[in-house]
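The values are calculated or read from the model by the stated rules, or taken from the named source; none is laboratory data. These numbers were taken from a predicted model, which means no experiment stands behind them. No Cβ is skipped: glycine too gets one built from the backbone with ideal geometry, and neighbour counts run over all protein chains shown.
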Amino acid sequence: MTLQTAYDLSEPKHDAALTEVEKGTPMGELLRRYWHPVGLSEDATATPKLIRALSEDLILFRDGQGRPGVVHPRCAHRGSSLYYGKVEDRGIRCCYHGWLFDVEGNCVEQPCEPNLGERNRGNVRQPWYPCEERYGLIWVYMGPAEKKPLLPRYELLENLDEGEFLEADDNGIGIGGPKVADFNWFQHFENVLDPFHVVVLHATFSGTQFVPEMAAMPDVKFTNEDLGVRCTSFRDLPDGGKLHRISEVILPTLRVVPSPRLTAGRCTILGWVLPIDNTHFTVYSAGRVKAEGDLRRIRSKMNDKYWDELTEDEHQVYPGDYEAQKSQGDITSHNHEQLGTTDQGIVMLRRFIKRQVKIVEDGGDPVGVAFEDGKEWLETPAGNWFSKAAGAD
C-alpha cells in the first residue's frame, strides 16, 4: 500500500536480531562469544563497582593480590548484594554472613559455618565471568565457558611508533554526546559505515566540526572483509591531491575510524561499543598517544562549545552524532526506513552480522574468535593516506 498520509503509517518495528542483547536473543548470544571491555583499569579497585553489560548487572573489583574480578551482585548464600561487600586479599566478602569469594567465584571461607565452612564451601560458587586486563581496559567474556576464545591482540596497539604510549578512555561517543548514550548501540555502530553523513551533519549542516576537507563528497567503496565491513573513500583536495581514507567495523563491536582531522598515516585509536542494554551503550577506546590526555582532546566543538556545554536551543541548531542517532528513537523503527544507494555499507553490515548470528545458532564459531596462541592477532589498514597532485613537488 502506498503511504498517503502519516495516518497510513504502520506500527513501528525494530529488527530484534540486530539490536536486542539479552542472553538467549540472537544478537545477545553472538555478542557473548567475544570479549568486551567493561571498564578502565583504574575502575577495578578495592571498592566494589556496579557495572552493567549486555543487560546484566555485575560487580567489578580488584582483590588484594591485584587481580580484577567480575561477579554477579547477588551473593550465592542468601542473595545480599556484593556491592556492599568488602574486598580483601583473597577476594570479596559478603556483608551479610561473611562468605568470601575469589575472582573466579570460588567460595574460600564461610565464617559462620564450622571450621569456616571447610566441608561444604567447595560446593558453592558465586556466578562469575572470566576477566582479563589489557591496553588499560578490563575485559570480560560472558559466553559459554567451553567456547571461550583468547583475548584478542591488536597490532595497532602493540607496535608503537617512537615517542608513543598507550592510553585508554571511557569518553562514550566522544566527539559529541554523553558518556552513556540512551539509545540502542547498533544505531551508533553502523554509523561508522556512513561516510556521507559527515558531509552533511559534520561539515555543512552544523558548520565545520572537523576540517574543511571533510566537506568534499567522497567516492566510496564498501567491501566485505574476513572480520567485518570496510569503507574505502577518496576525496579530491583543494591542492589537486587526493585523500585515501579507510575505516572499518570488526566484529563484535570494534569501530576503526582514522582521525577526522586528517592526521596522516595509520589509525591511532580503536573504539569498542559496549551495549549496556537494549537502550543504553558506551564506547571504550584505546589508542597510541604522545601526550597524556590526547584521547579526550579529540572531542569536537559545535558553536565553539563542547557537547555538554551547549544549550537546548544550540543542540537543535548544531546537532551532532548524538542528536542524529538518538532522534531515530530509543531503538530505530527499521520497518520505516527507506534506504538508498549510499546506504550500501549499512546493508552489508546488517547482512554480515546476521550470517554470524546464524552460524552461532547452528553451533558454529563466529568470525574473529581464536583458540590457539598466535591466532588471536588482529590487523587493520585503516588510516588517512594522501597523494599529491600530478606535477606537485
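General remarks:
- Selected residue (only one of I269, I246 is free of Cβ contacts under 8 Å to residues at least 40 places away in the same chain and closer than 29 Å to V38 by Cβ): I269
- Check on D63, within 19 Å of R125 (Cβ to Cβ), free of Cβ contacts under 8 Å to residues at least 24 places away in the same chain, touching a strand residue (DSSP E or B) at 6+ places or on another chain (Cβ under 9 Å) and surrounded by 14 or more Cβ atoms within 10 Å (Cβ to Cβ): no
- Per the listing F222, F186, F205, F196, the residue uniquely under 29 Å from H14 (Cβ atoms), in the same structural domain as P275 (by TED's automatic domain parsing), touching a residue at least 40 places away in the same chain (Cβ under 8 Å) and more than 25 Å from the chain's Cα centre (by Cα) is F205.
- Filter pass, G105 being touching a strand residue (DSSP E or B) at 6+ places or on another chain (Cβ under 6 Å) and at positive phi: yes
- The set of residues from region 207-223 being touching a helix residue (DSSP H, G or I) at 6+ places or on another chain (Cβ under 6 Å) and closer than 15 Å to M348 by Cβ comprises just one member, F222.
- Residue count for region 205-227, restricted to those that are of a type in the set (S, T, N, Q) and either farther than 21 Å from K354 by Cα or assigned to a helix (DSSP H, G or I) (or both): 3
- Of the residues making up region 117-150, those that are over 23 Å from K23 (Cβ atoms) and either assigned to a helix (DSSP H, G or I) or at pLDDT 95 or above (or both) are G117, R121, G122, N123, E133, R134, Y135, G136.
To keep it simple, each residue is scored yes or no on (1) more than 25 Å from M27 (Cβ to Cβ); (2) in contact (Cβ under 8 Å) with a residue 60 or more places away in the chain; (3) in contact with a Gly (Cβ under 7 Å, 6 or more places away or on another chain).
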| site | (1), (2), (3) |
| --- | --- |
| C112 | yes, no, yes |
| R125 | yes, no, yes |
| L150 | no, yes, no |
| L156 | yes, yes, no |
| L166 | yes, yes, yes |
| D170 | no, yes, no |
| V180 | no, yes, yes |
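- Scanning region 190-204 for residues that are buried (at least 20 other Cβ atoms within 10 Å of the Cβ) and assigned to a loop (DSSP other than H, G, I, E, B) yields a single hit, P195.
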